[in-house]
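Q: Okay, here's the structure, questions in a sec.
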Amino acid sequence: MKRSHLFTSITLASVVTLATAPAASAASFLSPLQALKASWSYEGETGPEFWGDLDEAFAACSNGKEQSPINLFYDREQTSKWNWAFSYSEAAFSVENNGHTIQANVENEDAGGLEINGEAYQLIQFHFHTPSEHTIEETSFPMELHLVHANHAGDLAVLGVLMEMGNDHEGIEAVWEVMPEEEGTAAYSISLDPNLFLPESVTAYQYDGSLTTPPCSEGVKWTVLNDTISISETQLDAFRDIYPQNYRPVQELGDREIGFHYH
Ligand SMILES: [Zn+2]
């Protein structure tokens, strides 16, 4: 799939609105109305429990039925919900502080992505949450990485990778080296291979969910890996100096089924 497919007509505009924050290269696609949307945060009166009340456009945050994140669990009845595979390649990313997280946006080249039931979802950006947003069997993790992908129609698929305390992580080191402490400062370009962020086993949970940030739009295909990657205390501290916590608490599972895909 060519990168140019993402840049046709209104598709990109919807991707930009839905994603955690606009890609730096796509900021000009935001309309003035979108820029006026309510500001939100991870604490106090603009925190997660109030997101749905802050703006009509955020209604799904409080009345949605398929919200993310959720508590993930395994039982023997579980089967996979869809076939998936990934294929990433080294590419240039611009790293920014968007006021909610540190985010690396794919620059104008192909970084690869996911294939879900034969359909291509191209990587557009990745970003971090601390502590983790998803839990496994009620267990929280120190950090979670979200690799955000979009298909031709602008539908999103997110790959979540949980982290545990351990050694320095090479991929994180590359991002942290340039991450801006101040919101809105210039984005820095780095070359990075997204494969660095994948553990050896990619056995995964799968479910239908939403963005974990306003507007909490649904229709997002979630794949969360069962295995973790490491992050060191020093690396975690460096992120928490900028964002002490930036996670949305787990949401009701409701009628949804969680798939489990061995790999
Ligand atoms: Zn996220």
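The values are calculated or read from the model by the stated rules, or taken from the named source; none is laboratory data. Keep in mind that this is a model prediction, so the values were computed, not measured. In this analysis, Cβ positions are derived from the backbone assuming ideal geometry, glycine residues included, and neighbour counts consider all displayed protein chains. Please note that ligands, DNA and RNA were not included when accessible areas were found on the heavy atoms of the full protein model with its side chains. Shrake-Rupley method; radii C 1.70, N 1.55, O 1.52, S 1.80 Å.
Q: Just name the residue that is surrounded by the fewest Cβ atoms within 10 Å (Cβ to Cβ) out of those in segment 167-179 that are over 14 Å from residue 238 (Cα atoms) and under 20 Å from the mean Cα position of the chain (by Cα).
A: Top of the filtered list is 170.
Q: Could you look through segment 50-66, keep only residues that are out of contact with any Gly (no Cβ under 8 Å at 6 or more places or on another chain) and either on the phi > 0 side of the Ramachandran plot or among the hydrophobic types (A, V, I, L, M, F, W, C) (or both), and pick out the one that is least open to solvent (accessible area, probe 1.4 Å)?
A: So the residue we want is 51.
Q: Just checking, how many residues over segment 100-109 are more than 12 Å from the ligand (Cβ to nearest atom), open to solvent by 10 Å² or more (accessible area, probe 1.4 Å) and either at pLDDT 95 or above or touching a Phe, Trp or Tyr at 6+ places or on another chain (Cβ under 7 Å) (or both)?
A: Counting residues in segment 100-109 that are more than 12 Å from the ligand (Cβ to nearest atom), open to solvent by 10 Å² or more (accessible area, probe 1.4 Å) and either at pLDDT 95 or above or touching a Phe, Trp or Tyr at 6+ places or on another chain (Cβ under 7 Å) (or both) gives 1.
Q: Any idea which residue in segment 67-92 is surrounded by the fewest Cβ atoms within 10 Å (Cβ to Cβ), counting only those that are more than 16 Å from the ligand (Cβ to nearest atom) and among the hydrophobic types (A, V, I, L, M, F, W, C)?
A: Checking each candidate, the answer is 85.
Q: Hey, another quick one. Restricting to segment 206-263, what's the tally of residues that are under 25 Å from residue 169 (Cβ atoms), within 14 Å of the ligand (Cβ to nearest atom) and not aliphatic (A, V, I, L, M)?
A: Summing the residues that are under 25 Å from residue 169 (Cβ atoms), within 14 Å of the ligand (Cβ to nearest atom) and not aliphatic (A, V, I, L, M) in segment 206-263 gives 10.
Q: Could I ask something else about it? Hey, does segment 180-189 have a residue that's buried (at least 17 other Cβ atoms within 10 Å of the Cβ) and modelled with pLDDT of 95 or more?
A: Looking for residues that are buried (at least 17 other Cβ atoms within 10 Å of the Cβ) and modelled with pLDDT of 95 or more, one finds none in segment 180-189, hence no.
Q: Okay, next question. For segment 124-145, give me each residue that is within 13 Å of the ligand (Cβ to nearest atom) and either modelled with pLDDT under 95 or under 20 Å from residue 241 (Cα atoms) (or both).
A: Matches in segment 124-145: 126, 127, 128, 129, 130, 131, 132, 133, 143, 144, 145.
Q: Are any residues in segment 110-123 open to solvent by less than 30 Å² (accessible area, probe 1.4 Å) and either within 18 Å of residue 240 (Cβ to Cβ) or more than 15 Å from the ligand (Cβ to nearest atom) (or both), and if so, which ones?
A: Listed by number, the residues that qualify are 111, 112, 113, 114, 116, 121, 122.
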